[in-house]
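Colleague: Below you'll find the structure I mean.
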Amino acid sequence: MDAVMDAMQGFGVSTTRYLQTNYQDAQGWFLWVSWAADLRNTFFIFFPLWFHLRSSVGIKLIWVAVIGDWLNLVFKWILFGERPYWWVHETAHYANGDRPHIEQYPMTCETGPGSPSGHAMGAASVYYTLVTSILTIVTSRKCVVVVGRYLRAGLWTLFWGVQVCVCLSRVFIAAHFPHQVVAGVITGMIVAEAFNRTQWIYSASMKKYFYTTLFLTSFAVGFYLVLKALGVDLLWTLEKAQKWCVRPEWVHLDSTPFASLLRNMGTLFGLGLGLHSPLYTETKRSSSKSSKVGCVVGSLVLLHLFDSFKPPTHTAALFYLLSFCKSATVPLVAVSIVPYCVNGALSLQSKKGL
């Protein structure tokens, strides 16, 4: 089994080396793709946009992204996947003189295990959700059949184009092996399809949001503590990242497993708070097309400014706490606070017009 894994990972390093040697001019494109595929963009861009256009799609995006990334964390802890940028230095697969050199980039030094790829899984689940949601909307409106066929072909072509670009990007920057990104795409599509068949999330109570957040957090922390008590350190990758990353500043605290966990749990909890806020209940009754446009623009601008706030990293516990709070604020702002302010401004303007 070890020989098979070494062969697969050796092939992966060769693929990375090939891409870096022959497509060096595309470095900027690959780095941008890795940035764009980060789930942060789902929370700060896709969610506020879609929630105000069609709230059910926005809600489903959050659930798919959060549950998918939580499963990704659990899978990574179970599978103990290596990453190319450190594996190439430690493996006995190469003789000392034949060890290939692969470049590193600012996004290379992820600190968690590598399998399956979180970026590939997140991109697959989010874009699969968007494609299927758009096609469902189009079908429900009984558009011309020919237009529907072209749209279906175009959207699925776009979907697979995005997946190929994300996979190549993650392999190019030496963050993942090819089999890890393929596994990420497959598992991401499975998660998205599961939520396409799940209806209770649209009417979930605040109590259900609270208990779901509590269960997911407790399960992950409990899983970590139990294995640690048995002598298994699930944070074994942190030392490897710090040892083999060519620049210490590229090792970021926000890429650690617990940072990802608390960021996602905060987002899910914040969505529950927003949907069950009295502000949301009040603005839901008086929404209009003009208010929706204002909500989209206001949410995108405000969240862009809010994203510039970076929690201090000198104390891990404080960083994790502030990350949770920041993540919870994002959907709360987009769902209830911005719509309330926009509707208030529009009603005030209409009163002045009278």
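The values are calculated or read from the model by the stated rules, or taken from the named source; none is laboratory data. These numbers were taken from a predicted model, which means no experiment stands behind them. Positions of Cβ are backbone-derived with ideal geometry, glycine not excepted, and every protein chain shown enters the neighbour counts. For accessibility, only protein heavy atoms count, side chains too; no ligands or nucleic acids. Shrake-Rupley method; radii C 1.70, N 1.55, O 1.52, S 1.80 Å.
Colleague: Check whether at least one residue in region 89-111 is in contact (Cβ under 8 Å) with a residue 12 or more places away in the chain, in a loop (DSSP other than H, G, I, E, B), closer than 30 Å to L303 by Cβ and open to solvent by 40 Å² or more (accessible area, probe 1.4 Å), and report yes or no.
Modeller: Yes.
Colleague: While we're here: Would you pick out the residues in region 294-309 that are touching a residue at least 12 places away in the same chain (Cβ under 8 Å) and open to solvent by 50 Å² or more (accessible area, probe 1.4 Å)?
Modeller: Of all residues in region 294-309, those touching a residue at least 12 places away in the same chain (Cβ under 8 Å) come to 294-296, 298-300, 302-304, 306-307, 309.
Scanning region 294-309 gives L300, L302, H304, F306, F309.
Colleague: Sticking with this structure for a sec: Looking at Y85 and the list (1) within 30 Å of S56 (Cβ to Cβ); (2) hydroxyl-bearing (S, T, Y); (3) crowded, with 22+ Cβ neighbours inside 10 Å, which single condition is not satisfied?
Modeller: The number of the failed condition is (1).
Colleague: Let me ask something else. Residues that are touching a strand residue (DSSP E or B) at 6+ places or on another chain (Cβ under 7 Å) and either within 15 Å of W70 (Cα to Cα) or modelled with pLDDT under 95 (or both): which helices (runs of 4 or more DSSP H) entirely in region 164-282 hold 2 or more of them?
Modeller: On the way: elements: 178-196, 206-229, 236-244, 257-275.
Filter on region 164-282 gives an empty set.
Colleague: Could you give every pair whose Cβ atoms fall below 6 Å, whose first residue belongs to region 40-65 and is closer than 20 Å to R263 by Cβ and open to solvent by 40 Å² or more (accessible area, probe 1.4 Å), and whose second residue is among the β-branched types (V, I, T) and modelled with pLDDT of 95 or more, counting only separations of at least 6 or pairs across chains?
Modeller: Partner pairs satisfying both residue conditions: W50/V57.
Colleague: Also, quick follow-up: Where residues in region 140-155 are closer than 21 Å to L49 by Cβ and in a helix (DSSP H, G or I), which of them is modelled with the lowest pLDDT?
Modeller: Going through the qualifying residues, I end up with S140.
Colleague: Quick one: which of T281, T313, T267 is within 23 Å of K60 (Cβ to Cβ), open to solvent by 10 Å² or more (accessible area, probe 1.4 Å) and not acidic (D, E)?
Modeller: Going through T281, T313, T267 in turn, just one is within 23 Å of K60 (Cβ to Cβ), open to solvent by 10 Å² or more (accessible area, probe 1.4 Å) and not acidic (D, E): T281.
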